[in-house]
Amino acid sequence: MKPTLIMTRPGRQGIAFAERLKGLLADDARIIQSPLLDIVPMEATLPDAAGLVFTSVNGVAQAARLAAPHSLPAYCVGPKTSNAAQAAGFSPVTGPGDAEGLIDAILNRQTPGPLAHIRGRHARGAVAQTLTKAGVLCHDVIAYTQVPRALSDAAAAALAGKFPVVLPLFSPRTATILADAGPFAAPLHIAAISPAAQPDLTADQIEIAVQPTEDAMIDATIACLRRAAQEIG
């Protein structure tokens, strides 16, 4: 019997993360794709800006949809977002992996404004407001929304069972949606990208990623999978 891992991350990001895990674990887990959010584009207008700010891969995708000029510098929260920006044709400046560190990096570079933060309706960190208060004018461009989804039938069945379930959680919003669907009968092993992404659920194990990056989440998820496998015996 293998532990079950439920991927709650939206779309391609959840699939890509699961593929990375498969390569490392040699299929030592049953993986269920059950995204708890849909990314839905919204009408938006890009203001005149001297640079773009991306705090997620989804922001990069929407910037491309809105035909943001590739000539503008793109200040990216971390390596994964930076790689996506480069693939989309932008010239990225890579931040340390979290919104607060990105804000500091922008301010330390004495970055000229105005900037445009292309983001979703639900976001944390108040990036544009913080930069503007610090003297670098930054506009919020809300280009997409994150619509909650119900657990898939397979995910709901696993969470209602008696065998351990591993849940990598990449955002506080996803954690809230998951908690609202609970409580669950299965023993839970949760890998959270930050303390804010811990759901209000009873869990046998909670691993907080040492950094808010995908590589650190891989490590945290593997730690949960190994513990879950030990429980199964």
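We did not get these values from a lab; they are worked out from the coordinates using the rules stated. These figures come from a predicted structure and were not determined experimentally. Because the Cβ atoms are built from the backbone with ideal geometry, glycine has one as well, and the counts that use them run over all protein chains shown.
Excluding same-chain neighbours fewer than eight residues apart, the aspartates and glutamates reachable from Lys2 by a Cα-Cα span under 14 Å are Asp27, Asp28, Glu231. Spacing of the modelled spin labels on Ala185 and Thr202, each 7 Å from Cα toward Cβ, amounts to 1.5 nm. Counting only other residues whose beta carbon sits under 14 Å from that of Ala196, what net charge do I get with K and R as +1, D and E as -1? Taking every Cβ under 14 Å from that of Ala196, the sum is -1. Taking θ as phi - 60° and the Karplus parameters 6.51, -1.76 and 1.60, the scalar couplings of the stretch 79-86 work out to x, 5, 5, 4, 4, 5, 5, 5 Hz in sequence order, x denoting glycine and proline. Taking 20 Å as the straight-line reach from the Cα of Lys22, the aspartates and glutamates in range (excluding those fewer than 8 positions away in the same chain) are Glu207, Glu214, Asp215, Asp219.
Rounded to the nearest 10 degrees, what's the angle between the helix 172-181 long axis and the longest principal axis of the chain, both from Cα atoms, 0 to 90? Once rounded, one gets 40 degrees. When P(r) over Cα pairs in 10 Å bins from 0, in percent is calculated directly from the model, which label among (i) 7, 29, 36, 21, 6, 1; (ii) 8, 32, 32, 19, 8, 1; (iii) 8, 34, 38, 18, 2, 0 fits? Derived directly from the coordinates: (ii). Amide H contacts under 5 Å for Gly51: Ala116, restricted to partners 5 or more places along the chain or on a different chain, H placed in the peptide plane at 1.01 Å from N.
Angle of helix 99-108 to the longest C-alpha principal axis of the chain, folded into 0 to 90 degrees and rounded to 10: 30°. Test of understanding: extend the Cα→C-beta vector of Gln230 to 7 Å, then name every residue of the stretch 12-56 with backbone N under 11 Å from that spot. Flagged as within label range: none. Using only Cα atoms and rounding to the nearest 10 degrees, what angle (0 to 90) does helix 214-232 make with the longest principal axis of the chain? Taking Cα atoms only, the helix is inclined about 10 degrees.
Our note on the geometry: Cα centres of the stretch 140-176 and the stretch 25-67, 16 Å apart. Here Arg109 and Met42 are evaluated by their C-beta separation; at R0 = 35 Å the FRET efficiency comes out at 0.75.
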